[in-house]
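First, the structure itself, so that you have it in front of you.
The values are calculated or read from the model by the stated rules, or taken from the named source; none is laboratory data. Given the structure is predicted, the values throughout are model-derived calculations rather than measurements. As a convention, Cβ positions derive from the backbone with ideal geometry for all residues, glycine included, and neighbour counts pool all protein chains shown. Accessible surface is based on the protein model in full, side chains and every heavy atom, while ligands, DNA and RNA are left aside. Shrake-Rupley method; radii C 1.70, N 1.55, O 1.52, S 1.80 Å.
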Amino acid sequence: MPRATADDVISKILYLRQHYHFGAARIANYLKRFHQVTVARSGDLAYDTGTYTLTLSVTDDDGGADNEQAVVRVVTPEQAVTEILALLDATIAGTTDANVRRDLEKARKALVGSNDQSSSGALKMIQEGNNEAAIAFLQEAVTWLQRAQAGGADVATQITLLEQVVAALS
């Protein structure tokens, strides 16, 4: 299977999350049976970071069958925020509307603090293991991104990914 770009992977993850609404237990059973992935007691999937191919096989009552595959990349919350920052920086660089730019920069500040060496911000809190504070900063970033989105910024992917990081830390 050819290597997918980050955008391809993100698109596939979003597609799977939007179109396949299996419960956590069903997904966990599938992963254990076919991919030797175990589920932690908290209900979170326990696996190493890396790239995985997920296969969904469906057989109807008449014996018709089909398979779909998606390649997903598992990253840590820290890796996810770092990659989201890269997407956000690209969006800021291409933004000409001063109000939208201000909102995007406030979202960035919530993620890294007042500068990249800051002792605050979601990224620093994740590195320190302070999930509660990290979640607060992540939610603040989502709020600023939603404001920027209302002003015309294309940040739906960043919002969705940040919400997934919040869920992973919760």
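Which value, in Å² and to the nearest 10, is the accessible area of S120 when all protein chains are kept and the probe is 1.4 Å?
S120 exposes around 40 Å² with every protein chain in place.
Normalising by the residue count of the range 77-160, find the relative contact order in percent from Cα pairs under 8 Å and 6+ residues apart.
33 percent.
Considering only N131, S119, A107, whose Cα is most displaced toward the positive end of the charge dipole of the range 78-143, charges sitting on Cβ of Lys, Arg (+1) and Asp, Glu (-1)?
Projecting each Cα onto the dipole axis, the largest value belongs to A107.
Same structure, new question: Just for the Cα atoms in the range 119-169, what are the lengths along the principal axes, largest first, rounded to whole Å?
34, 21, 12
On to the next question. For a quick check of understanding: with a 1.4 angstrom probe and all protein chains in place, what accessible area in square angstrom does D60 have, to the nearest ten?
Counting only protein heavy atoms, the figure is 80 Å².
With all protein chains present and a 1.4 Å probe, how do T91, T143, T59 order by accessible area, largest first?
Working: T91 30, T143 75, T59 100 Å².
The ordering from most to least exposed comes out as T59, T143, T91.
Nothing charged except the Cβ atoms of Lys and Arg (+1) and of Asp and Glu (-1): what's the magnitude of the dipole of the range 46-150 about its Cα centre? Round to the nearest 20 debye.
About 840 debye.
Could you rank the peptides 133-140, 68-75 by their average count of other C-beta atoms within 10 Å per residue, with the highest value first?
Taking the mean over residues of other Cβ atoms within 10 Å, the ranking is 133-140, 68-75.
What FRET efficiency would be calculated for the residue pair D154, D62, taking the C-beta separation as r and a Förster radius of 35 Å, to the nearest 0.05?
0.25
Okay, next question. How big is the dipole moment of the range 89-170 about its Cα centre under a simple scheme where the beta carbon of each Lys and Arg is +1, that of each Asp and Glu is -1, and everything else is neutral? Debye, nearest 20, please.
Magnitude of the dipole: close to 160 debye.
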